[in-house]
Amino acid sequence: FQTPVQIKEFGAVNKIDFSPVPPYNYAVTASSRIHIYGRYSQEPIKTFSRFKDAAYCATYRDDGNLLVAGSEEGSLRLFDINGKAPLRQFDGHTKAVHVVGFLSDKYRIFSGGDDYSSVLWDIPTATEIVSYSEHTDYVRCGCASKVNADVFITGSYDHTVKLFDARTKSSVMTIEHGQPVESVLLFPSGGLLVSAGGRYVKVWDVLKGGQLLVSLKNHHKTVTCLCLNSSGQRLLSGSLDRHVKIYSTTSYKVVHSFNYATSILSLALSPEDETIVVGMTNGVLNVKHRKLEERKEKPRKKRQPAYRTYMKGRTYMPKQDDFCVSKPVKRVLRKYDKLLKSFHSSKALDAVLEPPIRLYTPEVTVAVMQELHRRGTLRSALAGRDEKQINLLLTFVARRVIEPRFTPILVTVADMITDIYQPVVGQSAIVDRQFLRLQEAIGKEIDYQEELLEVLGMMDTLFATFTKKRATCLEENKSNGLTEAIETNTSN
């Protein structure tokens, strides 16, 4: 993955949900607002803020046109993704609604709240269809089946997971998790159910009456969120222990792990598995994008000359007045020139940061940076780099910024690097060390400049004194000459 982007929200991020349709924007629920972000934007492109108190669990419908969210007030609000005011408001819960979602028929909504109830709603009429009060504690998570439009699942702090069928008046299955249930997830096939609570992630076979298949205990603290990739081959879990674990759904072994700065509350993966977004307790949103694989260009085969090319001119006899025209020498462009010509800014900067160029011809490196700055692409070329590349850039800038011929552009580069990578300061000892070296180099240069200004001030004082004395001497000489002339005329 590329270097993560961090976005600060107004409060703890309790839910992240990706739109199922392109361009795969994602909704972030934090405090009393719902922000819609583009995949590569660091500022919200839309905000829903019609909540008096905290908002919970903003979720997209399968067509990406509608968004539903619960609230601390006990009501549900349905939004058009292109509008601002809510289309519908569903009132019926007496306490906060922490879980909402759409059934797969797109015309019904299920919800669960702190009043221990699970309710099914009709969207066109904004009325309650059926209410289930089987849980004995807060209902904090739920999901709907993609196979059966009447089936949805809820998880509660009473340690149970219940499967409801809208055609019946009570739950059709109850699963005992053993810990307060924080998150539930149903596989696309509808046959397997995953529940998370306490330190455990458990997988159940729904078709066998809720038989336990496997119990995973890879986290050190409470597991708060679950996520599945598009193919169903990877299961992701986030926890208060600051880790995201990735499991293989064939062996249920951990195949990868991510470490974050603070406890994790929510997690989402984009439909094409290119972006992973994590919400944390301190209100920080961490966004990681998968690196694009570089395509290797196949070398073109040289075409062999035709037979007539070889035979051409064999019988030609030059004339006496003919003259020879020399073939123009083809100008060979360097690698960075070719990349600049094709507008590959980041690759051009990489090319001039290679050891032979940056060590022996630093003026070339600085010239390319200046050209990128002139084009307005320097910031994008500096962004999105890993620890090794940032270290290389800072080493070059810290070493060369004190040279007068390079100072103007390298000061701009240093300013941009500091601005771009300020959020990741403290995560890498190597990068932090280079930032300190840069600070030290700039501090020494400022001290030199101050000393030079002091010397210039002293020299200005000396020059001013010398000029004044010289003017005084000239005036005295002139006055002495005039006196002698007057005395001579008087004597004559």
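Here is a check on your reading of the model: is residue 399 part of a helix (DSSP H, G or I), of a type outside the set (Ser, Thr, Tyr) and surrounded by 14 or more Cβ atoms within 10 Å (Cβ to Cβ)? When the stated conditions are applied, residue 399 passes them. Taken over the stretch 325-377, residues that are within 31 Å of the chain's Cα centre (by Cα), among the aromatic types (Phe, Trp, Tyr) and either not assigned by TED's automatic domain parsing to the domain that holds residue 389 or not in a loop (DSSP other than H, G, I, E, B) (or both) amount to 1. Applying the set (1) modelled with pLDDT of 90 or more; (2) buried (at least 16 other Cβ atoms within 10 Å of the Cβ) to residue 360 leaves exactly one unmet item: (2). One residue is enough: does the stretch 34-51 have a residue meeting the conditions surrounded by 13 or more Cβ atoms within 10 Å (Cβ to Cβ), within 22 Å of residue 145 (Cα to Cα), touching a strand residue (DSSP E or B) at 6+ places or on another chain (Cβ under 8 Å) and not charged (D, E, K, R)? No, the stretch 34-51 contains no residue that is surrounded by 13 or more Cβ atoms within 10 Å (Cβ to Cβ), within 22 Å of residue 145 (Cα to Cα), touching a strand residue (DSSP E or B) at 6+ places or on another chain (Cβ under 8 Å) and not charged (D, E, K, R). Of the residues making up the stretch 46-79, those that are under 18 Å from residue 140 (Cβ atoms) and of a type in the set (Val, Ile, Thr) are 59, 68.
Would you call residue 92 in contact with a Lys or Arg (Cβ under 6 Å, 6 or more places away or on another chain) and crowded, with 17+ Cβ neighbours inside 10 Å? First the steps, then the outcome.
Details: in contact with a Lys or Arg (Cβ under 6 Å, 6 or more places away or on another chain): no; crowded, with 17+ Cβ neighbours inside 10 Å: yes.
Here the answer is no, as residue 92 does not meet what is asked.
Here's the yes/no breakdown for (1) surrounded by 16 or more Cβ atoms within 10 Å (Cβ to Cβ); (2) farther than 21 Å from residue 437 by Cα:
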position	(1), (2)
370	yes, yes
375	no, yes
385	yes, no
392	yes, no
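Count of the stretch 257-271 residues, restricted to those that are farther than 12 Å from residue 25 by Cα and in a loop (DSSP other than H, G, I, E, B), is 4.
Across the stretch 38-61, the qualifying residues are those that are among the hydroxyl-bearing types (Ser, Thr, Tyr) and in contact (Cβ under 8 Å) with a residue 40 or more places away in the chain, and the one among them that is nearest to residue 420 (Cα to Cα) is 40.
Among residues of the stretch 62-78 that are on the phi > 0 side of the Ramachandran plot, those with a Cβ under 7 angstrom from a residue that is assigned to a loop (DSSP other than H, G, I, E, B), sequence gap 6+ or separate chain, pair up as 64/19; 64/20; 64/21; 64/81; 74/93; 74/94; 74/95; 74/96. Considered as a group, the residues in the stretch 156-215 that are among the β-branched types (Val, Ile, Thr) and under 32 Å from the mean Cα position of the chain (by Cα) include one that is surrounded by the most Cβ atoms within 10 Å (Cβ to Cβ), and that residue is 181. For the stretch 404-415, the condition holds for at least one residue, the condition being that it is out of contact with any Ser or Thr (no Cβ under 6 Å at 6 or more places or on another chain), farther than 30 Å from residue 285 by Cβ and among the polar types (S, T, N, Q). Taking the options 230, 237, 251, name whichever one is farther than 21 Å from residue 35 by Cα and out of contact with any strand residue (DSSP E or B) (no Cβ under 9 Å at 6 or more places or on another chain). Just one listed residue meets the conditions, 251. Tell me which residues, restricted to the stretch 8-20, are surrounded by 15 or more Cβ atoms within 10 Å (Cβ to Cβ), of a type outside the set (Phe, Trp, Tyr) and modelled with pLDDT of 90 or more. The answer is 12, 13, 14, 15, 16, 17, 19.
Scanning the stretch 263-318 for residues that are under 30 Å from residue 424 (Cβ atoms), at pLDDT below 70 and of a type in the set (Lys, Arg) yields a single hit, 295. What do you reckon, is residue 186 among the aliphatic types (A, V, I, L, M) and farther than 25 Å from residue 57 by Cα? Judged against the criteria, residue 186 is not a match.
The values are calculated or read from the model by the stated rules, or taken from the named source; none is laboratory data. All values derive from a computational prediction rather than experimental measurement. So basically every Cβ, Gly included, is an ideal-geometry build from the backbone, and we count neighbours across all protein chains shown.
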